[in-house]
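We did not get these values from a lab; they are worked out from the coordinates using the rules stated. Note that the structure is predicted; figures quoted are calculated from it, not measured. Here the Cβ is made from the backbone with ideal geometry for all residues, glycine too, and neighbour counts use every protein chain on show.
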RNA sequence: GUGGUAGUAGCUCAGCUGGUUAGAGCGCCGGAUUGUGAUUCCGGAGGUCGGGGGUUCAAGUCCCCUUUACCACCCCA
């Protein structure tokens, strides 16, 4: 018989049970924390029309398209694609349902997204994004920006993630700097691309990149100095000397102090004028998040403010702020580094062993039923195997307790409960089994 | 999408310049031990050497294509 090789598809990750259980716990925790801040859940279809996906520009080659052979299938006539983020679907959703939504609209959305990029460690073609956004109609107070670092902080803490740093900036600042030269505002995209490489390539190369992008020669040293600055006061000095507007800097100051007032520890948030990634459609606040000591992983969560979320879909002005956690990337890296405890394979907490299945199967099943009715995750060992095998089964799955009973116990109205990790065993009255097990279980 | 490196048992790998039935450790299964998962001992299963084509008397080993992984670029979570 010729078998089909069980090969995975590149960039489409899958976990073994223990890791998937961890991922599920994290997803639940994120959901809970988002709701704690009053965000409401939505889900949009994985598939959108291509014209929607393309409306915000770029990314065309990264979209997985969808077609059916009957409809001309492959290359031409493709009208549908998988969403590559949750912001474009959000824009469509808000534009479409604006009459029925309450503004400011605080929503969260946790779904898989797809990007046709070359896969690498921590970089997938299918991955979870966990988005929160607040969308205003007509206006949205800058204080909303400050809420986001606080949400992020609470979420990362609740998930048990390692210490992290949020690097914040404001896109208006660089724009102001560029605008001090004629035609400078047109250089924004190129300048951002160059600045993006600063962390990796250093000042000398960045100088070259800026020149290649056509940034004014006299401005280049100012930008280089600026992106290396670490405090708001130094930044202000540079801007004033260059004659640039400082409105963006004022917003940044307000963001940082607001976030701290909302519970964000001050040491975890700091200005960083070299952050640029994902900046293209942001118009004000921007931030990226780095795991402390693992800055080389790049940003694991980024976000910011956009003046008009859905201008491609509606004439209504819909300003918003939001961020997205790239959960698949983050989990893959954290698990790979042993920075998150993975835990057991199975949710089962108690295994009811079947030492004498012939004689007592109904009693074993009845015990399991009582445990489940008490809300305790329980399995019965249903194969025929000697008792040692059954204990190994429990240990392998991380099941903490085993109920053991045959004639000796049942005749005395008792059952034995074995603690697999401690290798200890106690005999208790069958009537008090539930109470005993509840006292043994953590949490 | 572009380029570099790699692919031998479930896992980590050995296999020298091509040479009879491809190995080790760990893991897995069975037994010693039919009321107790450690250890020890004994036995066992598991490979079309990623796939396809080519060179050769002979290919895990050399060449080409392909696929997958890792790394860099592009870009980004």
Order of A:264, A:50 - criterion: other Cβ atoms within 10 Å of each residue's Cβ, fewest first: A:50, A:264
Two-site FRET efficiency, residue A:436 against residue A:28, from Cβ-Cβ distance with R₀ of 30 Å, rounded to 0.05: 0.55
Per-peptide average of other Cβ atoms within 10 Å, ordering A:183-190, A:303-310 highest first: A:303-310, A:183-190
Ordering of A:95-104, A:123-132 by burial proxy (mean other Cβ atoms within 10 Å per residue, highest first): A:123-132, A:95-104
Whether region A:350-435 is rounded, prolate or oblate, judged on the alpha carbon gyration tensor where a/c under 1.5 counts as rounded: rounded
Relative contact order (percent, whole number), chain A, Cα cutoff 8 Å, 6+ residue spacing: 15 percent
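Cut-off is 10 Å between beta-carbons; in what order do A:63, A:195 appear when sorted fewest neighbours first? Don't skip to the end; give the middle numbers.
On the way: A:63 20, A:195 26.
Result, fewest neighbours first: A:63, A:195.
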Percent antiparallel among DSSP beta bridges (both partners in chain A, rounded to 5): 80 percent
Ranked by how many other beta carbons lie within 10 Å on average, peptides A:171-182, A:377-388 from highest: A:171-182, A:377-388
Translational D in µm²/s for chain A (Stokes-Einstein at 10 °C, 1.306 mPa s, Kirkwood Rh from C-alpha pairs): 62 µm²/s
Long-range Cα-Cα pairs in region A:197-291 (distance over 15 Å), rounded percent: 66 percent
Difference of contour (0.36 nm per residue) and Cα-Cα distance, residue A:386 to residue A:344: 12.8 nm
